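Some notes on the structure that comes next.
Read-outs throughout are calculated quantities, based only on the coordinates presented, and are distinct from any laboratory measurement. Just so we're clear, the structure is a prediction, and the values are computed from it rather than from any experiment. So basically every Cβ, Gly included, is an ideal-geometry build from the backbone, and we count neighbours across all protein chains shown.
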Amino acid sequence: MSWLVDNREIIGLAVQSVTAMVWVVYLQLLLSNFRRERRSKILITRVAGGHEHGHLMVGNMGAEPIFVKAVLADLEVDGQTYHSIANDSGGFAPFTDDDPSRSIKGPLKSADYRDLGRISDLVKIAYDLADIPKSAHQIEAVVVTVLAESSRDGVLVAGRQCFDVYHGRGHMRFFPRNASTLQLRSFRKRRELARRMDEMLAQEAKAFLQGEDGKRPKRGADLGQIGRSEEARAEAEVAR
């Protein structure tokens, strides 16, 4: 007892240090769990079979909602990689004026999913938009990257899945290279994807501005066209 009394200050400091360490570890666990719960998780998978009629599905398995902004497609052709993008205007997921829910873009709540259309359509649109030489022979793989924006300060999130393409008996088969979707969370990778998406959108605008006749369209539209568009839409509603 006399030893405890003589060293009570040292023992008190030791107890306080141990208590502080326990609290630090506890707070670290709470912070890690909080960050893990808020971390986005995008699922990319095939449904309805792995053939060309199979569909591509994207799901939000994170705790917070996201907004799908674009689908990037990288085609591996004859050992070379060609970049492309799938969008509504390209025809990958066409929708009518009264059915915009078929767009590849849009919000996804937690545990919600969206049908992106047939995988073969994705490959076709990506092939048409990519700068692939006519001498190319076979598509060996397609890498699908879904870009989305989270509700947490507009942070860009992304998921990636690679499908190996096999040809046989006049059909294409798509087999996922990995069992799970790769989550792209590093700042460098997300900045690279954001820059690439901006470049793709700029190329799309440039292709439109060039025009089929070689003339550059003028900026702006006649206000009368807006009225005519509304009249045509009203006539279509009456015809139904």
Where the centroid of each part is defined by its Cα atoms, how far is the stretch 163-200 from the stretch 128-161 in Å? 5
Spacing of the two label points (7 Å from each Cα toward its C-beta) at Asp115 and His51, in nm: 1.8
What order do you get for 104-117, 155-168 when each peptide is scored by the mean count of other beta carbon atoms within 10 Å, highest first? 155-168, 104-117
Packing-ranked peptide list from 61-74, 12-25, 128-141, highest mean Cβ count within 10 angstrom first, is 61-74, 128-141, 12-25
Which whole-Hz ³J(HN,Hα) couplings does the stretch 10-18 yield from phi under the Karplus relation 6.51 cos²θ - 1.76 cosθ + 1.60, θ = phi - 60°, glycine and proline marked x? 5, 5, x, 5, 5, 5, 5, 5, 5
For the stretch 39-183, list log₁₀ I(q)/I(0) at each q in 0.08, 0.09, 0.16, 0.17 Å⁻¹, using the Debye formula over Cα point scatterers of equal strength and ignoring solvent, two decimals each. -0.21, -0.27, -0.83, -0.93
Given 0.36 nm per residue, what is the gain on full extension from Leu29 to His167 after removing their alpha carbon distance, in nm? 44.8 nm
